[in-house]
Structure formats: structure tokens, C-alpha cells
1. Residues being touching a residue at least 40 places away in the same chain (Cβ under 8 Å) and of a type outside the set (Asp, Glu): count how many of those fall in region 139-155.
2. Filter region 160-176 for residues that are surrounded by 13 or more Cβ atoms within 10 Å (Cβ to Cβ) and among the basic types (Lys, Arg) and give the result.
3. Check off (1) closer than 19 Å to Arg229 by Cβ; (2) aliphatic (A, V, I, L, M); (3) surrounded by fewer than 24 Cβ atoms within 10 Å (Cβ to Cβ) for Ala179 and give me the number that stays unchecked.
4. For region 133-191, which residues satisfy the criterion of being within 12 Å of the chain's Cα centre (by Cα) and assigned to a helix (DSSP H, G or I)?
5. State whether one or more residues within region 143-166 are among the basic types (Lys, Arg) and in contact with a helix residue (DSSP H, G or I) (Cβ under 7 Å, 6 or more places away or on another chain).
6. Looking only at region 43-73, which residues are surrounded by fewer than 15 Cβ atoms within 10 Å (Cβ to Cβ), in a loop (DSSP other than H, G, I, E, B) and at negative phi?
7. Under 8 Å by Cβ, and 6 or more places apart or on different chains, what pairs join a residue from region 187-210 that is on the phi > 0 side of the Ramachandran plot with one that is surrounded by fewer than 18 Cβ atoms within 10 Å (Cβ to Cβ) and basic (Lys, Arg)?
8. I need a count of the residues in region 1-15 that are in a loop (DSSP other than H, G, I, E, B), surrounded by 16 or more Cβ atoms within 10 Å (Cβ to Cβ) and either among the charged types (D, E, K, R) or touching a His at 6+ places or on another chain (Cβ under 7 Å) (or both).
Amino acid sequence: MPGRLPTKSDFAQSIELSITPPPSGQPATNVLILLHGLGDTNAPFTKLGQQLSLPETACIAVQAPAPLPFDLGGFHWGDDLIFDQNTGVMDMDTGFKKATTVIKDGVIYDGLIGKCGYKGREIMIFGFAQGGMVALQVAAELDDNELGGVVGIGGFLSLSLPLKALEKKSKTPALVCKASKASAVSDSAISRMKDAFEFLEVKEWNKRGDGMPSNREEMMPIMQFFARRLRSTRGVPAGSVEISSV
């Protein structure tokens with residue numbers, strides 16, 4: 001039996017999220033979990049799920065559990081906040097134990113698998129920057145349950161990832177997209193991800209600095225990845241590769 005369309009009542013009240021159903025009249029055969037970057041909210045990724053309009057796919061945009069200090073208005077996924085003393089920029093990699101538990105246990109195991117009846121293979125995760133780090137860590141730690149796939153934009157595996165997650169490679173296919181210049185995803189980070197994932201594809205965009213895809217060329221490998229991994233007989237809708245950046 002396929003899973004049913006999730007509702008907010010399927011998840012703990014402490015988890016802030018929005019649910020976008022599949023295009024009109026289509027069953028929710030798959031679920032795509034969307035994770036925003038550091039300092040953002042789930043609102044732009046709710047819009048992203050609507051723009052993607054993936055066939056037979058419900059999108060769940062989850063908000064990071066920790067608010068930024070000083071009334072900055074956004075949220076972050078880290079266990080802590082660390083600022084660079086020279087630049088004042090927040091460090092992306094501050095450990096993701098709490099956030100990983102929220103997504104892995106609260107959203108996937110308890111909600112989607114336990115209450116809605118999905119199989120791991122019918123669930124995918126898409127994350128940007130710090131959200132991409134959480135997405136990759138969740139997939140790496142789910143060594144007993146292959147997901148449909150994970151996409152990390154400017155994300156890499158945290159150095160705090162439990163070593164046991166590297167002992168057995170994850171069978172969840174992973175796609176990592178990075179900028180050709182000034183990317184947070186280093187060669188050593190890619191090497192570490194190759195140790196964690198049995199199937200890893202790295203796409204390098206000709207741009208400076210990691211960012212969300214902003215044109216057809218950048219979005220195409222992501223849509224092709226979705227087309228290969230989503231369980232759908234309808235294919236990718238025409239025009240859905242051209243979304244605006246968020």
C-alpha cells in the first residue's frame with residue numbers, strides 16, 4: 001500500500017513545517033523534505049516546493065529548530081552558534097545532533113514511515129547550505145533504511161558526524177552541487193562524502209559562491225536526479241526546471 005498524504009497532525013507540534021500536496025489530482029507517491037539554509041525560515045522553501053510541482057510528490061518544508069539570537073528573525077540547524085572573530089560570519093558546521101534527530105526520528109520515522117505508511121525509498125531530502133549538511137547527515141545515519149535520494153546544495157558532511165555512520169556506506173544516492181569558486185564544499189569534504197555514500201554525484205556550477213540554482217542549466221541536474229529517483233509514471237512536467245532562486 002502506498003503512503004497517504006501527510007498532515008501536520010502526523011508530526012510533533014514542536015516541529016514547524018508546511019505541506020504542499022502533489023499537483024492536482026495526483027497521489028502522494030513520494031515525499032520530498034526541504035531544508036532551508038542558515039538564517040532563513042521554511043517559507044521560501046514552501047514556495048520552492050510549489051514551484052517544483054514534482055509529479056506524485058508531496059513537499060514538506062521544515063523549519064530549523066533553533067532561532068537566531070538578537071532578534072535576527074531567522075533559524076539555524078546547529079547545536080551551537082559560533083562566530084568568526086575576524087569576519088563576524090556564523091560557522092555553518094556546529095554539530096547537528098538535535099536537528100538530525102528532528103528530521104530522522106520526528107519527520108521520517110515517526111511521521112512519514114510510522115503514521116503515513118511510506119517506505120524509506122519513497123522519501124527524498126533536499127537541503128541548501130547548512131540545511132544541506134543536515135540532509136546529508138540524516139541520509140548517512142540511516143544505514144538501515146535507503147532513502148530515495150538526497151540533494152545537498154553547497155552542503156557537506158559535518159565533522160561531528162558519528163564515526164559509526166562512516167563504517168558502512170549509505171545506499172541512499174546523493175547529489176551535491178557546488179560552486180566552482182569560493183565553495184564551502186572542499187575537496188576533502190567531497191572525499192569524506194565518498195567514504196559515507198555508495199553513490200555520490202558531484203555537480204560543479206561555473207559561479208562564485210554557493211547559492212540556490214537560478215537558471216535552467218543549474219537546475220537541470222537536480223531535476224534529472226529527481227526524474228531518476230522519484231517513483232512516478234508521469235515524468236517531469238515541461239517547464240518545471242525553470243524556477244526562480246529563493
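The values are calculated or read from the model by the stated rules, or taken from the named source; none is laboratory data. Predicted model only: the values in this text are computed from it and were never measured. Methodologically, a virtual Cβ is constructed for each residue, glycine included, from the backbone with ideal geometry; neighbour enumeration extends over all protein chains shown.
1. Of the residues in region 139-155, 7 are touching a residue at least 40 places away in the same chain (Cβ under 8 Å) and of a type outside the set (Asp, Glu).
2. Matches in region 160-176: Lys169, Lys171.
3. That leaves (1) as the condition not met.
4. Those that are within 12 Å of the chain's Cα centre (by Cα) and assigned to a helix (DSSP H, G or I): Met133, Val134, Ala135, Leu136, Gln137, Val138, Ala139.
5. Taking region 143-166 as the starting set, the residues that turn out to be among the basic types (Lys, Arg) are 164.
Subset that is in contact with a helix residue (DSSP H, G or I) (Cβ under 7 Å, 6 or more places away or on another chain): none.
No - not one qualifying residue is present in region 143-166.
6. Those that are surrounded by fewer than 15 Cβ atoms within 10 Å (Cβ to Cβ), in a loop (DSSP other than H, G, I, E, B) and at negative phi: Pro69, Leu72.
7. Every condition considered, the pairs that remain are Gly209/Lys181.
8. 0
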